[in-house]
Amino acid sequence: MPRTLTDDLGHPVELPDGEVARVVSLVPSLTEAVAATRREALVGATDWCTRPADLDVARVRGTKNPDRAAVRALDPQLVLVVQEENRELDVRRLREAGVPVWVMVIESVPQALAAMRRLFEDVLGWGVPGWLETVEGVWGPSPDPEVPRPGVVAGRQSERVERTRVAVPIWRDPWMVVGSRNFTSDLLRRAGLENVFEDHQGRYPHVDVADVDGSGADVVLLPDEPYEFTAQDGPEAFTRTPTRLVSGRLLTWYGPSLLEAWEQLAALRRPDRPARR
């Protein structure tokens, strides 16, 4: 008998009785996570799903313009999407065509960890993968006591630590930055950094580049996605603030990449902020 679970938006999704064996992922980070757990179950992914590098599955175009006919032709038992990255129209049309779609809502690190644990354990029926348990040990709600929480020195909860202040553009012409209420801003804060635009009312606000340069950030992080900043395209716009090219995957993906993200972001913390052992 099929089983029914409710996704993060409250929509009932009918699933096979037992393990899900055919998955299409329309989210690059989820593609990496599924492939790291049970690659043979992944039958389709978007053109933007670049990890693992040797992934050989059917491609169904982009995250915001998937080829719905190609998705249906793969006969998936489940299609994975997230509210922020994929269009409601595509979810609706796939469901109307009888394709089960699981929608995840991810706006913070704890939300990502909880959503992935539920996905693998309850939805796909595969059990919790070892890489996820390791990620939870690094980013989870009960971190190593040797590692201070944002703004706090380990063992001295009353003392404040001056955190590295960062700005993170995600687009140019027009310029856009990481603002509030999103996964990246929460990730930075939990890694001991401070997003200077974290209190902006917009999640990804449009800003003048002069305002980014004059924001008081210690460094402007220039990721390679969604806009591909390079040494020749981005740093020249800033005359007051140092810049650093970074992997967009480590700032925006939730999955095995979170382990590498911790190490990379730790390198940006001030010297008086201890790194995880």
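The values are calculated or read from the model by the stated rules, or taken from the named source; none is laboratory data. Not measured: the values here are computed from a predicted model. Ideal geometry is used to build each Cβ from the backbone, glycine not excepted, and the neighbour counts take in all protein chains shown. Areas reflect the complete protein model, heavy atoms only, side chains present, ligands, DNA and RNA absent. Shrake-Rupley method; radii C 1.70, N 1.55, O 1.52, S 1.80 Å.
Per this entry, Thr37 is not counted among residues that are without any contact (Cβ under 8 Å) to a residue 40 or more places away in the chain and of a type in the set (Val, Ile, Thr).
Filtering segment 20-52 to residues that are within 11 Å of Leu78 (Cα to Cα), assigned to a loop (DSSP other than H, G, I, E, B) and of a type outside the set (A, V, I, L, M, F, W, C) leaves only Arg22. The combined condition, being at pLDDT 95 or above and assigned to a helix (DSSP H, G or I), is fulfilled by Arg249. The residues of segment 123-164 that are modelled with pLDDT of 95 or more and open to solvent by 70 Å² or more (accessible area, probe 1.4 Å), listed by number, are Glu133, Thr134.
In segment 191-237, the qualifying residues are those that are open to solvent by less than 20 Å² (accessible area, probe 1.4 Å) and either of a type in the set (D, E, K, R) or over 27 Å from Pro110 (Cα atoms) (or both), and the one that is nearest to the chain's Cα centre (by Cα) is Phe229.
Annotation: Leu188 fulfils all but one of (1) open to solvent by 40 Å² or more (accessible area, probe 1.4 Å); (2) in a helix (DSSP H, G or I); the unmet one is (1).
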